[in-house]
Structure formats: structure tokens, C-alpha cells
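Below is one structure; the comments refer to it alone.
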Amino acid sequence: MKPVMQLFAAAAATVVFSTSVIAAPVANEAPDALVKRISADVIDSVKADKDIQAGNRSKIMDLVNSKILPYVDAPKMTQQAAGRHWRTATPEQQQKLTQEFRTLLVYTYAGALSTIKNETVEFKPMRGSPTDTDVEVRSQVNVSRGEPITLNYRLSKGDQGWKIYDVNVLGAWLVETYKSTFNSEISKGGVDGLIKRLVDRNAQLASKPLATPAK
């Protein structure tokens, strides 16, 4: 994993440990309220489970799958990361690619959750209008040492409400970062080559402790 992806993992997961967030779910939930609610939901789950606090792999993975991934638009992220190659992939390849990329995101978040300590998150005022269907939620991660880390989210509104489809850490958008990696792998071995690379990568991550940084 490239350094910017490691930074994304640590910073993105930090948002779910922000104890300043106390928002509750409401009808027609605004995108910034959604991100804050996810934070509160996860921190409550962590506080209530000593196994998660101790780094229990199974429970951390379950937490990511149940509390974070439902609000991430993995199909849209995969399609944008694949770029022009998405149109030439077969439906079966698209399905498999989305599945493996989603699995990679699960490991990314789970690994980051296992390393978060006392960082806090500060949300910025929302920009835009109530009729917008594509927005950016801005925040910063305050760390004990060093400058705050910029952490912004792109969300789009669909039939199932708002979902996150991209994350920006220190000016680098996750989808753009993966687009370069995906394009490189596809140029060498086609879409099947990229799928194999993701399968191998996920198998490698599955065999490592969550706190071990991905290389």
C-alpha cells in the first residue's frame, strides 16, 4: 500500500473515534449529520466492547462491516477507480472487481481502527444548498503531535440516501490514488490481472495482524 493510502486509512478511521460527535439519526438526514452519526455509533460500540478495545480481529471486522461499509458506495468507488476500463469489463468482472475492492476497503478501515488512540475530529461548516445531490463534507483530524490532518468526504445522494464515495487526506483523493494503481495493473494483465492482484492482496492482509501496516 502506498504511503498516502496508509495515511488515508489512519485518518479516515479516526473520524469514528471523535468523542465530540453526538448526533442522532433523523429523517432526510443531511450528509454532514450522517458522517457525524456514524462516528457516534461506532465510538459507542467501541466503548461498550472491551474485546474491540483489545484489538479483537473478528469483532473489529464485524464493526466495519455493520457500522461503516453500509454508508460507503463501494460500487461507485470501484467504477471511478477503474475509469475507462470499467466500460470494457464484463458484468462478471465488474462484480468481482467491486467485491474485491470492497474487501480491501474493509481491511483498510479495520487496520486503521486498531491503531487509533486519542485523536479528535473537527467538522467544518457545510457548503451548498439543500437541493444538492453531490457534496463535500470537510473536517480535520487533530493529532497530539504535528499539524492537523485535512480529512474531507465526497457523498452522493441516491435511492438509499447519502453514501460516501471518496475521501481526501491532505489533498489526495482516494479514488484518484487507486485509479493510478488500477490502470497500471490493467495495462499489465488486463482486468483479470487487476482482480487477481486484489485477491492476492486481500489474502495477504487476511494473514496479518490488523495493527501491522500494509506495505
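The values are calculated or read from the model by the stated rules, or taken from the named source; none is laboratory data. Remember, predicted model here, so these are calculated numbers, not experimental data. In this analysis, Cβ positions are derived from the backbone assuming ideal geometry, glycine residues included, and neighbour counts consider all displayed protein chains.
Matching residues to (1) more than 22 Å from residue 29 (Cα to Cα); (2) aliphatic (A, V, I, L, M); (3) modelled with pLDDT under 90:
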residue: 140; (1), (2), (3): no, no, yes
residue: 144; (1), (2), (3): yes, no, yes
residue: 157; (1), (2), (3): no, no, no
residue: 166; (1), (2), (3): no, no, no
All positions within region 50-80 that are among the hydroxyl-bearing types (Ser, Thr, Tyr) and buried (at least 19 other Cβ atoms within 10 Å of the Cβ): 78
Selection within region 56-76 - within 12 Å of the chain's Cα centre (by Cα) and either within 10 Å of residue 106 (Cα to Cα) or in a helix (DSSP H, G or I) (or both): 64, 65, 67, 68, 69, 70, 71, 74
Members of region 81-93 that are part of a helix (DSSP H, G or I) and buried (at least 20 other Cβ atoms within 10 Å of the Cβ): 81, 82, 85
Options 169, 141, 137; residue that is crowded, with 21+ Cβ neighbours inside 10 Å, closer than 20 Å to residue 81 by Cα and among the β-branched types (Val, Ile, Thr): 169
Residues (of a type in the set (Gly, Ala, Ser) and touching a strand residue (DSSP E or B) at 6+ places or on another chain (Cβ under 8 Å)) located in region 160-204: 171
